[in-house]
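> After the structure tokens below, expect a handful of questions from me.
FYI, it's all coordinate maths here, none of it is from the lab. This is a predicted model, so every value here is computed, not measured. Positions of Cβ are backbone-derived with ideal geometry, glycine not excepted, and every protein chain shown enters the neighbour counts.
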Amino acid sequence: AQTVTQSQPEMSVQEAETVTLSCTYDTSESDYYLFWYKQPPSRQMILVIRQEAYKQQNATENRFSVNFQKAAKSFSLKISDSQLGDAAMYFCAYRRGNSGGSNYKLTFGKGTLLTVNP
Amino acid sequence: NAGVTQTPKFQVLKTGQSMTLQCAQDMNHNSMYWYRQDPGMGLRLIYYSASEGTTDKGEVPNGYNVSRLNKREFSLRLESAAPSQTSVYFCASIRGRALPEQYFGPGTRLTVT
């Protein structure tokens, strides 16, 4: 079974600084996707960024980027120029690829609570 | 386009009562999911429906039943609520193989006393 581990229960960053959230995962599959979701106090789950395992290039979305190390099974999220609105719980999630049947469930880590200090 | 909607947003039940959480999506997605979120646990899959007419158990199905009423709607039923089912419940959907992202509803906070 796949597992996702987020080793930092809480992190804090100063506004305008850069912070990196860690995530490791365990899988025997070669085809999969990795995601970072943001959950602000409103409780809504918001997709931040996605990475396909077959792509060597790290995904980037504006101030958010990932460092995907497939061999090490590591998938960290870097937030640059942190803003007060980035304060939230961040979840790393894994999904098997399309060749593994029809269950496209997400396996989540336990989350990292990010505080942004003004 | 409302995306994924859930009702109710909040609910308080007494132990032994039953209720149904409703979920609907208007994105013509094939697969739908029910997760629960507990403090320090992340989200865990309760049940899923890969396509209309099919349902399967996830990691934590005990105490729950589901119905995929049609392509749009996927409901979660608690027949006899227990305090251990106090949680936040999320419904999610995905189009299928080609588009990997799951889209989430706003969640239902359920308290069982």
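> Six or more apart or on different chains, Cβ atoms under 8 Å: show the pairs whose first residue is in region B:25-50 and in contact (Cβ under 8 Å) with a residue 60 or more places away in the chain and whose second is basic (Lys, Arg) and part of a strand (DSSP E or B).
Listed pairs, sorted by first residue: B:32/B:68; B:37/B:44.
> Out of B:67, B:87, I need the residue that is in contact (Cβ under 8 Å) with a residue 24 or more places away in the chain, more than 10 Å from every other protein chain (Cβ to nearest Cβ) and within 17 Å of residue B:21 (Cβ to Cβ). Which one?
After ruling out the rest, the residue left standing is B:87.
> Residues in region A:53-61: is at least one of a type in the set (Gly, Ala, Ser) and farther than 25 Å from residue B:106 by Cα? Spell out how you get there, then give the answer.
Filtering region A:53-61 for residues of a type in the set (Gly, Ala, Ser) gives A:53, A:59.
Now restrict to residues that are farther than 25 Å from residue B:106 by Cα: A:53, A:59.
Yes, the conditions are met somewhere in region A:53-61.
> Specify the residue that is farthest from the other protein chains (Cβ to nearest Cβ); the eligible residues are those in region B:42-52 that are of a type outside the set (S, T, N, Q) and more than 16 Å from residue A:94 (Cβ to Cβ). I'd like the intermediate steps shown before the answer.
Step one: of region B:42-52, the residues of a type outside the set (S, T, N, Q) are B:42-48, B:50, B:52.
Subsequent filtering for residues that are more than 16 Å from residue A:94 (Cβ to Cβ) retains B:46-47, B:50, B:52.
On the way: B:46: 10, B:47: 10, B:50: 4, B:52: 12 Å.
Residue satisfying both the conditions and the ranking: B:52.
> Taking the criterion of being within 14 Å of chain B (Cβ to nearest Cβ), surrounded by 12 or more Cβ atoms within 10 Å (Cβ to Cβ) and in a strand (DSSP E or B), would at least one residue in region A:60-83 satisfy it?
Yes: one or more hits.
> Checking residue A:44 against (1) surrounded by 13 or more Cβ atoms within 10 Å (Cβ to Cβ); (2) more than 10 Å from chain B (Cβ to nearest Cβ); (3) not in a strand (DSSP E or B), which test does it fail?
For residue A:44, the failing item is (2).
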